[in-house]
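*Asks:* Can you read through this structure? Questions will come right after.
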Amino acid sequence: ALPICLGYLAQAQTADEVYARAEKLYDQGDPYRAAPLFAQAEQRFHTAGDRRNELASKIGRLHAEADHGHYKAVKAEVERDLTTPLVQNDPQLKMPALSLLGTIDLNIDTEAAGSDWTELLTVAEDAHDQKWENRARGELAIVAGLKGDIGSAGLGLLNAISTAEKIGDIGGAMTFRIWLANGMTYNGMAEGALKQVDKAIALAEQHGYTQLPFQLVIARIRAIGQLPEPERTERIPEANALLGKTLQLAQD
């Protein structure tokens with residue numbers, strides 16, 4: 001029923017409103033509900049002959065599709081779009097496109113991801129866009145961690161979280177706290193990871209998230225699984241309950 005309800009809601013809204021709703025859902029870690037709204041906005045802007053906003057909606061849709069693991073097809077599409085004059089000459093299109101490319105490469109080619117986010121940082125600095133500057137720096141911290149530079153990764157993520165919260169980029173702050181929590185769990189700091197998860201949950205509740213991002217719940221379960229005994233065994237029922245609830249949500 002949910003996609004039908006979203007469809008009726010979208011019909012009553014302008015293309016700009018549908019796009020804004022999709023962007024908010026995606027930023028809150030919900031690409032599953034964001035994707036069809038991005039697609040609707042894309043079609044409406046196309047019908048209206050608004051090529052610029054059609055491309056913005058398309059990039060949003062491709063972000064959601066990439067989150068489903070469609071890396072090869074999405075990467076080819078965004079690389080084509082990045083060569084167009086419209087994207088090259090509009091930083092507010094180019095930065096999300098480079099972000100999409102960087103997100104894909106982070107999963108398949110760490111070196112390429114570093115280049116993507118470095119280019120985005122340059123574009124953001126030239127455009128004086130604080131949000132994208134900070135997001136690029138946070139992602140470069142993640143790249144450093146994947147290359148084994150844990151110290152730079154931790155410091156970079158903490159700085160990115162602090163800046164994101166200061167400028168009101170809640171989606172960025174959530175993303176970087178999840179990455180930090182997972183990194184801490186992986187490096188034997190599960191108790192610290194849970195503190196980061198708790199802070200992220202508090203942030204989500206404070207800013208009206210309708211549901212917690214899947215990756216945040218998974219980060220909590222992962223951290224519980226790496227706690228020292230006897231705390232790990234004591235909290236296994238909590239982890240099982242979270243798994244059951246998250247599985248049901250995913251099925252829905």
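The values are calculated or read from the model by the stated rules, or taken from the named source; none is laboratory data. Keep in mind it's a predicted model, so treat the numbers as computed, not measured. Heads up, the Cβs are rebuilt from the backbone with ideal geometry, glycines too, and the neighbour counts pull from every protein chain shown. Please note that ligands, DNA and RNA were not included when accessible areas were found on the heavy atoms of the full protein model with its side chains. Shrake-Rupley method; radii C 1.70, N 1.55, O 1.52, S 1.80 Å.
*Asks:* On the basis of being more than 24 Å from Gln215 (Cβ to Cβ), out of contact with any Gly (no Cβ under 6 Å at 6 or more places or on another chain) and in a helix (DSSP H, G or I), does Leu98 make the cut?
*Replies:* No, not satisfied.
*Asks:* All but one of (1) modelled with pLDDT under 95; (2) open to solvent by 20 Å² or more (accessible area, probe 1.4 Å); (3) not small (Gly, Ala, Ser) hold for Pro91; which doesn't?
*Replies:* Going through the list (1) modelled with pLDDT under 95; (2) open to solvent by 20 Å² or more (accessible area, probe 1.4 Å); (3) not small (Gly, Ala, Ser), Pro91 breaks only (1).
*Asks:* Please enumerate the residues belonging to segment 101-127 that are within 21 Å of Arg52 (Cα to Cα) and either modelled with pLDDT under 95 or open to solvent by 70 Å² or more (accessible area, probe 1.4 Å) (or both).
*Replies:* Result: Asp126, single match.
*Asks:* Does Leu86 fit the bill of being in a helix (DSSP H, G or I) and at pLDDT 95 or above?
*Replies:* Taking the combined requirement at face value, the residue satisfies it.
*Asks:* Which residue is farthest from the chain's Cα centre (by Cα), if the candidates are limited to segment 37-68 and must be in contact (Cβ under 8 Å) with a residue 12 or more places away in the chain and surrounded by fewer than 18 Cβ atoms within 10 Å (Cβ to Cβ)?
*Replies:* The extreme case among them is Ala48.
*Asks:* May I pose another question? Regarding Glu139, is this residue assigned to a helix (DSSP H, G or I) and within 23 Å of Glu65 (Cα to Cα)?
*Replies:* Yes; evaluated as a whole, the condition is true for this residue.
*Asks:* Another one. Out of (1) surrounded by 15 or more Cβ atoms within 10 Å (Cβ to Cβ); (2) of a type in the set (Ser, Thr, Tyr); (3) out of contact with any Phe, Trp or Tyr (no Cβ under 8 Å at 6 or more places or on another chain), the odd one out for Thr246 is which?
*Replies:* Of the numbered conditions (1) surrounded by 15 or more Cβ atoms within 10 Å (Cβ to Cβ); (2) of a type in the set (Ser, Thr, Tyr); (3) out of contact with any Phe, Trp or Tyr (no Cβ under 8 Å at 6 or more places or on another chain), the odd one out for Thr246 is (3).
*Asks:* Something else now. Could you check segment 26-36 and list, in sequence order, the residues that are buried (at least 21 other Cβ atoms within 10 Å of the Cβ) and under 11 Å from the mean Cα position of the chain (by Cα)?
*Replies:* Those that are buried (at least 21 other Cβ atoms within 10 Å of the Cβ) and under 11 Å from the mean Cα position of the chain (by Cα): Tyr26, Gln28, Gly29, Pro31.
*Asks:* From the residues in segment 128-151 that are open to solvent by less than 60 Å² (accessible area, probe 1.4 Å) and either free of Cβ contacts under 8 Å to residues at least 12 places away in the same chain or of a type in the set (Lys, Arg) (or both), which one is nearest to Gln92 (Cα to Cα)?
*Replies:* Filtering segment 128-151 for residues that are open to solvent by less than 60 Å² (accessible area, probe 1.4 Å) and either free of Cβ contacts under 8 Å to residues at least 12 places away in the same chain or of a type in the set (Lys, Arg) (or both), the one nearest to Gln92 (Cα to Cα) comes out as Arg135.
*Asks:* Which condition number in (1) in contact with a Leu (Cβ under 9 Å, 6 or more places away or on another chain); (2) within 28 Å of Tyr32 (Cβ to Cβ) is the one that Glu234 fails?
*Replies:* (2)
*Asks:* Looking at the structure I just gave you, is Tyr32 touching a residue at least 40 places away in the same chain (Cβ under 8 Å), farther than 20 Å from Glu79 by Cα and either part of a helix (DSSP H, G or I) or in contact with an Asp or Glu (Cβ under 9 Å, 6 or more places away or on another chain) (or both)?
*Replies:* no
*Asks:* Only one of Ala181, Ala193, Ala173 is among the hydrophobic types (A, V, I, L, M, F, W, C) and more than 14 Å from Gly225 (Cα to Cα); which?
*Replies:* Ala173
*Asks:* Out of Ala200, Ala181, report the one residue that is in contact with a Lys or Arg (Cβ under 9 Å, 6 or more places away or on another chain) and in contact (Cβ under 8 Å) with a residue 40 or more places away in the chain.
*Replies:* Ala181
*Asks:* While we're looking at this one, here's another question. Residues of segment 70-87 being loosely packed, with under 14 Cβ neighbours inside 10 Å and not small (Gly, Ala, Ser), which ones?
*Replies:* Correct list: Lys72, Glu79, Arg80, Thr83, Pro85, Leu86.
*Asks:* Sticking with this one: Which residues, taken from segment 159-189, are over 19 Å from Asp30 (Cα atoms) and surrounded by fewer than 19 Cβ atoms within 10 Å (Cβ to Cβ)?
*Replies:* Those that are over 19 Å from Asp30 (Cα atoms) and surrounded by fewer than 19 Cβ atoms within 10 Å (Cβ to Cβ): Asn159, Ser162, Glu165, Lys166, Ile167, Tyr186, Asn187, Gly188, Met189.
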